[in-house]
Amino acid sequence: MTYCLGILTATGLVMAADSRTNAGVDHVSTHQKLHDFSIPGERVILLCTSGNLSVTQAVITLLRRDIKSDEPITLYTVSNLYEAARYIGRKMREVQALDREWLKKDGIDVSCNILLGGQIEGEEPELFLIYSQGNCIQASQEAPFLQIGETKYGKPILDRVLSYETSIEDAAKCALLSIDSTMKSNISVGPPINLVMYESNAFKIKHFLRLHLGAPYLVQIRKTWERCLCEAFESMPDIDWEAKSDRKNYSEC
């Protein structure tokens, strides 16, 4: 399992991913989940992957081979990110069609998901979630973040804190807290954490961070967040057990 997320704001984009893969307690490993296909000055294209590792690695390999072979359609030639999302979706279907029959014989799930974010010159920054079937959805001002992998533990802070108007600096901080909350509750998600903060119309990656286990900043934000949560909990009013309500008589149940 893994956890990746993308956040779209009025001033840019944040992409973040953990690096842990888990095929059982005896097969925990580390693999890159955030991939950069950018051409500085022209386009920034970032991918985050989750799901069957053999499928996602094969997709990334095919994307890079198409570029190397100067194929007519590649991540270097598409004119917008929607076109890129559909192209990636076709590659996902291609790999799954090749391997599905044999993997399913052993009960192996071939599903995967990919986050695509970035900006191509002449277009606005965009963020897509590409499903295992090859179709996609797009982030919007009303729904500015997308997640893949082990999403449930890191979602509450995103729901409560984020909006399209959030600064990209705060969005990046929120992304790290979301991943840290997931790591706290699920051992199948773990460092190193890769984080990219992209400013609109920069057309190059200026801010990239890779945080390993025990990194001072990770330790600092976890301790600070836990302290703040405890303080907030302690400030909550006690339950008023005598408050009037439409309580049923449980003795009659």
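Filter the range 137-176 for residues that are in a loop (DSSP other than H, G, I, E, B), among the hydrophobic types (A, V, I, L, M, F, W, C) and free of Cβ contacts under 8 Å to residues at least 40 places away in the same chain and give the result.
Selection gives ALA143 alone.
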- Those residues that are without any contact (Cβ under 8 Å) to a residue 40 or more places away in the chain and among the basic types (Lys, Arg), I need them from the range 205-228; list them, please. LYS206, ARG210, LYS223, ARG227
- Quick one: count up the residues across the range 107-136 that are in a strand (DSSP E or B) and among the acidic types (Asp, Glu). 1
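Each row is one residue, and each column tells you yes or no for (1) more than 24 Å from GLY6 (Cβ to Cβ); (2) in contact with a Gly (Cβ under 8 Å, 6 or more places away or on another chain).
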position	(1), (2)
PHE145	no, yes
THR182	no, yes
PRO192	no, no
HIS207	no, no
LYS223	yes, no
GLU226	yes, no
- Note on the structure: Of the residues in the range 112-138, those that are over 16 Å from the mean Cα position of the chain (by Cα) and farther than 14 Å from LEU8 by Cβ number 6
- Task: Report yes if ALA202 is touching a residue at least 40 places away in the same chain (Cβ under 8 Å), out of contact with any helix residue (DSSP H, G or I) (no Cβ under 9 Å at 6 or more places or on another chain) and not in a loop (DSSP other than H, G, I, E, B), otherwise no.
- Result: no
- Neighbours by Cβ (under 9 Å, 6+ apart or cross-chain): first from the range 1-21, without any contact (Cβ under 8 Å) to a residue 60 or more places away in the chain; second surrounded by fewer than 24 Cβ atoms within 10 Å (Cβ to Cβ) and assigned to a loop (DSSP other than H, G, I, E, B): THR21/MET1; THR21/HIS27; THR21/HIS31; THR21/SER188
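Across the range 1-36, which residue is modelled with the lowest pLDDT among those that are out of contact with any strand residue (DSSP E or B) (no Cβ under 7 Å at 6 or more places or on another chain) and among the aliphatic types (A, V, I, L, M)?
At the first step, the residues of the range 1-36 found to be out of contact with any strand residue (DSSP E or B) (no Cβ under 7 Å at 6 or more places or on another chain) are 9-10, 23-27, 32.
Then keep just the ones that are among the aliphatic types (A, V, I, L, M); that gives 10, 23, 25.
On the way: ALA10: 97, ALA23: 46, VAL25: 50.
Step by step, filter the range 1-36, then rank; the result is ALA23.
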- Could you tell me which numbered condition ARG90 fails, if it satisfies all but one of (1) farther than 30 Å from SER163 by Cβ; (2) touching a helix residue (DSSP H, G or I) at 6+ places or on another chain (Cβ under 6 Å)? (2)
- Would you pick out the residues in the range 163-193 that are touching an Asp or Glu at 6+ places or on another chain (Cβ under 9 Å) and modelled with pLDDT of 95 or more? TYR164, ILE168
- Query: Quick one: would you say GLY134 is without any contact (Cβ under 8 Å) to a residue 12 or more places away in the chain and at positive phi?
  - Reply: no
- Message: Here is a list: SER140, SER69, SER79, SER132. Which entry is loosely packed, with under 15 Cβ neighbours inside 10 Å, closer than 30 Å to SER181 by Cβ and out of contact with any helix residue (DSSP H, G or I) (no Cβ under 6 Å at 6 or more places or on another chain)?
- Response: SER140
- Task: Within the range 177-199, track down each residue that is crowded, with 22+ Cβ neighbours inside 10 Å, touching a strand residue (DSSP E or B) at 6+ places or on another chain (Cβ under 7 Å) and outside any strand (DSSP E or B).
- Result: SER178, ILE179, THR182, VAL189
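The values are calculated or read from the model by the stated rules, or taken from the named source; none is laboratory data. The model shown is predicted, which means the values in this text are computed figures rather than measured ones. FYI the Cβ positions are ideal-geometry reconstructions off the backbone, even for glycines, and counts take in every protein chain you see.
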